[in-house]
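Student: Pasting a structure below so you can have a look.
The values are calculated or read from the model by the stated rules, or taken from the named source; none is laboratory data. Because the structure is a prediction, the values reported are computed rather than measured. Here Cβ is always computed from backbone atoms with ideal geometry, including for glycine, and neighbour counts include all displayed protein chains.
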Amino acid sequence: MKISFQLVGKCDGSNPSSIPLETIKQWEKEGLIKYLGEYQDIRPIIAQSSCIILPSYREGIPRTLLEAMSMGKPIITTNVSGCKECILSPTKQGKIYLGENGIMVEAKDAISLSCAIKTFLSFSQDQREKMGKTGREYAIERFDISKTIQAYKEKVALYAKEGGKLVFISNTSFGMRNFRLEVLQALRDEGYNIHIIAPQDCSTQALIDNNFKFHPININSKGLNPLEDFSTLLSIHKLLREIKPSLVFNYTIKPVIYGSLACNVLSIPNIAITTGLGYVFIGNGVKKQVLKKFVCLLYKVALFKTQEVWFLNIEDKEAFLSYNIVKKEKAILLDSEGVSTTYFCPQSQKDNKIVFTLIARMLWDKGVGEFIQALKLSSLS
């Protein structure tokens, strides 16, 4: 049986949890994995994979897993907030949880992950295909993009003027194109004027090509410089004052905090979308605890007048409620940001080779280190 292991995703050097490219290249030299880098269209990679792995420490709802499920691929992921929602009916069997569409393991546990890989290899081809089919059915039933679009339309109809201006603020253009393009297109087609405030990157032109009005801004998503962040707040405030939108959607930590603050000062209805608690809420070091308390305070002030705060999984919602950041009546659960089950549809695999693929930014928090350790323990690479 031919077996191979792949890493796919961007090396994010700006992130505190980033894995150096030199380390990844060393894993390649050792024959553990093949690193394919970053892909604009991930469908061919998923299509030629037998199983998609994401051993992350915490997520909102990982898009990678939704895309894999939609394309009929079994998944292996962790028993943590955001990831566990993607495994249907898991039951504990030794060191793993066996689900109808994949396998779940404990986070930061290379032994459990190694066991999951070996268990998957013990399945027959019919069993793997059944898991993949079940996963696609689950994706269509619970996570299809049509459900997400409908949720947005209902809130826009509630808070915004018909045919008015809608502003979306994010820390990357990539995030707006990759995760929310179908939502933006649907609202545009409803007659709303779509404005996007985000830093420029390789995805900016695609947004402009969709007839969205783009407003570039500097947001250092990982920076801790208060003067730099204050400048971001002022820039958002200035743009919103000029655009005069009917409703604003804010995504990720800094846009949620500074976008919400600016909206509330200007009395603009706004909705905050927490796509995941992120780096600040992972780990228990003294520095992390101090930073977490400060961020929670900023959230509480920023979201005081915000109309609604959306969460992608129940544990993130419960965390905000436990920290008294938002009131219960404002906290709304959204079943992921959705996946287009027509765009991400099953494709035939060209050969019978077993390919395990981890798709994520190359961060330790995504469980890449445990993946490598699991391969060493499995002695399969």
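Student: Given the criterion hydrophobic (A, V, I, L, M, F, W, C), in a helix (DSSP H, G or I) and not assigned by TED's automatic domain parsing to the domain that holds D12, identify the matching residue among I271, I208.
Tutor: Numbers: I271 fails: in a helix (DSSP H, G or I).
Just one listed residue meets the conditions, I208.
Student: I would also like to ask the following. Taking the condition part of a strand (DSSP E or B) and either free of Cβ contacts under 8 Å to residues at least 24 places away in the same chain or in contact with a Cys (Cβ under 9 Å, 6 or more places away or on another chain) (or both), does K92 pass?
Tutor: Criteria met by K92.
Student: Does at least one position in segment 18-37 carry a residue that is out of contact with any Gly (no Cβ under 6 Å at 6 or more places or on another chain), among the small types (G, A, S) and either surrounded by 17 or more Cβ atoms within 10 Å (Cβ to Cβ) or not assigned by TED's automatic domain parsing to the domain that holds F356 (or both)?
Tutor: Pass one, segment 18-37, residues out of contact with any Gly (no Cβ under 6 Å at 6 or more places or on another chain): 18-37.
The next check asks that each one be among the small types (G, A, S); those that pass are 18, 31, 37.
From what's left, either surrounded by 17 or more Cβ atoms within 10 Å (Cβ to Cβ) or not assigned by TED's automatic domain parsing to the domain that holds F356 (or both): 18.
Yes, segment 18-37 has at least one match.
Student: Another one. Taking into account only those residues within segment 337-353 that are surrounded by fewer than 19 Cβ atoms within 10 Å (Cβ to Cβ) and of a type outside the set (S, T, Y), which is nearest to the chain's Cα centre (by Cα)?
Tutor: The extreme case among them is C345.
Student: Restricting attention to segment 212-270, which residues are within 19 Å of G175 (Cα to Cα), surrounded by fewer than 21 Cβ atoms within 10 Å (Cβ to Cβ) and at pLDDT below 95?
Tutor: Answer for segment 212-270, where residues must be within 19 Å of G175 (Cα to Cα), surrounded by fewer than 21 Cβ atoms within 10 Å (Cβ to Cβ) and at pLDDT below 95: N218, N220, S221, K222, G223.
Student: A further question on this structure: Anything in segment 143-161 that is crowded, with 18+ Cβ neighbours inside 10 Å, more than 23 Å from N193 (Cβ to Cβ) and not aromatic (F, W, Y)? List them, or say none.
Tutor: Answer for segment 143-161, where residues must be crowded, with 18+ Cβ neighbours inside 10 Å, more than 23 Å from N193 (Cβ to Cβ) and not aromatic (F, W, Y): just D144.
Student: Please specify each residue of segment 225-261 satisfying the condition of being outside any helix (DSSP H, G or I) and in contact (Cβ under 8 Å) with a residue 60 or more places away in the chain.
Tutor: K244, P245, S246, L247, V248, F249, N250, Y251, T252
Here is a yes/no grid of residues against (1) among the hydroxyl-bearing types (S, T, Y); (2) part of a strand (DSSP E or B); (3) in contact with a Gly (Cβ under 7 Å, 6 or more places away or on another chain); (4) over 15 Å from G276 (Cα atoms):
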| residue | (1), (2), (3), (4) |
| --- | --- |
| N324 | no, no, no, yes |
| S336 | yes, no, no, no |
| F344 | no, no, no, yes |
| R361 | no, no, yes, no |
| F371 | no, no, no, yes |
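Student: Given the residues D209, D201, D189, which is the only one that is surrounded by fewer than 23 Cβ atoms within 10 Å (Cβ to Cβ), touching a residue at least 24 places away in the same chain (Cβ under 8 Å) and not polar (S, T, N, Q)?
Tutor: The match here is D201.
Student: Here's a follow-up. Among the listed residues A160, A186, which satisfies the condition of being at negative phi and modelled with pLDDT of 95 or more?
Tutor: Criteria check complete, one pass: A186.
Student: Taking segment 26-56 as the search range and keeping residues that are among the hydroxyl-bearing types (S, T, Y) and assigned to a loop (DSSP other than H, G, I, E, B), which one is nearest to K108 (Cα to Cα)?
Tutor: Checking each candidate, the answer is S56.
Student: Within segment 200-223, which residues are within 22 Å of E190 (Cα to Cα) and basic (K, R)?
Tutor: K213
Student: If N352 meets every condition in (1) more than 30 Å from S14 (Cα to Cα); (2) not assigned by TED's automatic domain parsing to the domain that holds T78 apart from one, which number is that one?
Tutor: Tallying (1) more than 30 Å from S14 (Cα to Cα); (2) not assigned by TED's automatic domain parsing to the domain that holds T78, N352 fails exactly one: (2).
Student: While we're looking at this one, here's another question. Kindly evaluate T77 against the criterion of being hydroxyl-bearing (S, T, Y) and either assigned to a helix (DSSP H, G or I) or farther than 18 Å from R361 by Cβ (or both). Walk me through it before giving the result.
Tutor: Working: hydroxyl-bearing (S, T, Y): yes; either assigned to a helix (DSSP H, G or I) or farther than 18 Å from R361 by Cβ (or both): no.
Against the criterion (hydroxyl-bearing (S, T, Y) and either assigned to a helix (DSSP H, G or I) or farther than 18 Å from R361 by Cβ (or both)), T77 does not qualify.
Student: How many of the residues in segment 287-335 are without any contact (Cβ under 8 Å) to a residue 12 or more places away in the chain and among the polar types (S, T, N, Q)?
Tutor: Residues that pass the stated criteria total 2.
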